[in-house]
Amino acid sequence: MVDSDWGDWLPRAVADADPETVALWYLGCNGFAVKGSEGTVLWIDPYVGTGDPPRTIRMVPIPFDPADVDSADAVLATHEHTDHVHGPSQAPILANTDADFVAADDSLAVAREEERWTDEYEVDEAAFTEVREGDELRIGEFTVHVVETHDADATHPVGYVLEHESGTVFHAGDSKPSDSFTGLAERFDIDLGILAFGSEGTIPDKETGEPVPTKWYSDENEIATAANDLGLDRLVPTHWDMWKGLTADPTALHDHVRSYESPNRLEIAEIGDRIDL
């Protein structure tokens, strides 16, 4: 069981909300809860683990216990890393709500084979929905497009474009600038884009424990390039708050994006904040 720092107010806020358009709650790391005006709720990359100290050390609160989540139509994973596919964070949501777990093959392999969600949690195999780039799903009031991204540290990353009558949201996972982004800008009018951002630091090597230079997320120039290529109206940087040694100051992005045509607005969310389209 996850010990939440904040009790159950965040899952209750999502369940009780009645947004006029689409509301998003930032969960820290790269996680979001998304709720549409008709009540459809999507959770994208929710993670309430503490990392693997001393290598990866969580720097933000654990905002909810997944056992308290009773409003969910789907949980979407962008790639197979533990802070994006994590049984203790996500399987209880599936068990409580009968939501589907939407992910690419390598992410599903973690859930099926490495963490054995069907054995360790009350998750049915039917909950697993495998997707790949180019797929389109209808989940409640959202049309979900599975798109190509670029994350060299992942084995099969994908992004999700969420189309709603109120606007369009793009969650890029941990992607850096991608050749696919200009094409997405031509295909979709993206109102709000979620892009990972962080610094380069020294993190203990997974095998030796020795500190090594590490860069997992876009730096200031890369995220500005990605946001411009995507033609974003609003940019929400994520992941900058999470890991000790790789945190960054998102307010610095004002100077990096101001000369580009896009984004029109830099929107900085702290863990627990709500954003509306």
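Give, in whole angstrom and from largest to smallest, the semi-axes √(5λ) of the equivalent ellipsoid of segment 134-203, with λ running over the eigenvalues of the Cα gyration tensor. Walk me through the numbers on the way to the answer.
On the way: eigenvalues 112, 32, 28 Å².
So the three semi-axes of segment 134-203 are 24, 13, 12 Å.
Which value results for Rg/Rh of segment 141-277 when Rg is the Cα radius of gyration and Rh the Kirkwood radius based on the inverse mean 1/r?
Numbers: Rg = 15.2 Å, Rh = 15.4 Å.
That ratio equals 0.98.
Quick one: how many lysine pairs does the chain have with C-alpha atoms less than 16 Å apart and a gap of 8 or more or different chains? Give me the count, please.
4
Separation of segment 79-157 and segment 206-230 by C-alpha centroid, Å? Computed from Cα coordinates, the inter-centre distance equals 24 Å.
Nearest-5 percent of antiparallel DSSP beta bridges in the chain? Present the calculation step by step, with values, prior to reporting the outcome.
Working: 34 of 54 bridges.
Here the share of antiparallel DSSP bridges comes out near 65 percent.
When the Gaussian network model of the chain links Cα atoms closer than 10 Å, the mean-square fluctuations of Ser71, Ser89, Ser166 top out at Ser166.
Modelled spin-label separation between Ala67 and Arg116, with each label point placed 7 Å from Cα along the Cα-to-Cβ direction: 2.1 nm.
Gyration tensor over the Cα atoms of segment 2-123: the corresponding equivalent ellipsoid has semi-axes (square roots of 5 times the eigenvalues, largest first) of 22, 17, 13 Å. Only helices enter this figure: runs of n ≥ 4 DSSP H residues, each worth -39500 (n - 2.57), summed and divided by the residues of the chain, yield -4500 deg cm²/dmol at 222 nm to the nearest 500. Here the dipole of segment 9-276 is about 680 debye; that uses its Cα centre as origin and unit charges on the Cβ of Lys and Arg (positive) and Asp and Glu (negative).
Histogrammed with a bin width of 10 Å, the alpha carbon distances of the chain distribute as 7, 31, 39, 20, 3, 0 percent, first bin at zero. Taking other Cβ atoms within 10 Å as a rough exposure proxy, Glu115, Glu133, Glu125 sort from fewest to most as Glu125, Glu133, Glu115.
Bear in mind these aren't lab numbers, they're just calculated from the coordinates by the rules spelled out. Not measured: the values here are computed from a predicted model. Heads up, the Cβs are rebuilt from the backbone with ideal geometry, glycines too, and the neighbour counts pull from every protein chain shown.
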